[in-house]
Amino acid sequence: MLKFIKNDDGLSLLEVVVALLLIGIILISFFALLLQSNKTTHKSNVIMDATYVAQQEMEKIYNLAGNASTYERLASGYTLDENTSNPYTSLPNIDKTYTYLPRKEEKFTYYLTLQTFSSLTYKNAVYVHLEAVDNHSNSKATMENVYILGGAK
């Protein structure tokens, strides 16, 4: 047993190859982890950008709602899609659904849907559903809100 401990001959070629193989396996697993982390970070940044531009677009619609007397004023910059049927909705008292053609810009495409209420209680309210979709990665952000036309009175 002491013979192996006091071996001054150095490392054999087999020991060096095994050590390099183990180091390679460990490094490959770290590189795979770093690569997946980079992909996740990029996807998160794209979703965050989509959320930011959707929020900006909703703020524009909110600002229009204060002075608007009809739902058409909320959708300035969008073209009404005459060929779309009303999608399902989970909101009560929905009167009509207005779907607009996608508005494509350089980096994002916006999808807007407005719904009006039939009840007199919600007479001036409009439900706004907006999706901002990244044109390159198809990542999307969805914003929804109910706005009172002409401001709260």
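The values are calculated or read from the model by the stated rules, or taken from the named source; none is laboratory data. Keep in mind that what you see is a predicted model, and the values were worked out from it rather than measured. No Cβ is skipped: glycine too gets one built from the backbone with ideal geometry, and neighbour counts run over all protein chains shown.
Scanning the stretch 113-153 for residues that are within 30 Å of Thr41 (Cα to Cα) and in a loop (DSSP other than H, G, I, E, B) yields Asn135, His136, Ser137, Asn138, Ser139. Of all residues in the stretch 136-150, those that are surrounded by fewer than 17 Cβ atoms within 10 Å (Cβ to Cβ) and either farther than 14 Å from Met48 by Cα or charged (D, E, K, R) (or both) total 6. Determine which single condition Tyr110 fails, assuming it passes every other condition in (1) over 13 Å from the mean Cα position of the chain (by Cα); (2) part of a strand (DSSP E or B); (3) not small (Gly, Ala, Ser). For Tyr110, the failing item is (1). So in the stretch 83-107, with the set limited to residues that are over 14 Å from Leu130 (Cα atoms) and assigned to a strand (DSSP E or B), which one is modelled with the lowest pLDDT? Here the answer is Ile94.
Matching residues to (1) more than 29 Å from the chain's Cα centre (by Cα); (2) at pLDDT below 90; (3) over 21 Å from Tyr110 (Cα atoms):
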residue	(1), (2), (3)
Ala19	yes, no, yes
Leu27	yes, no, yes
Glu57	no, no, no
Asp81	no, yes, no
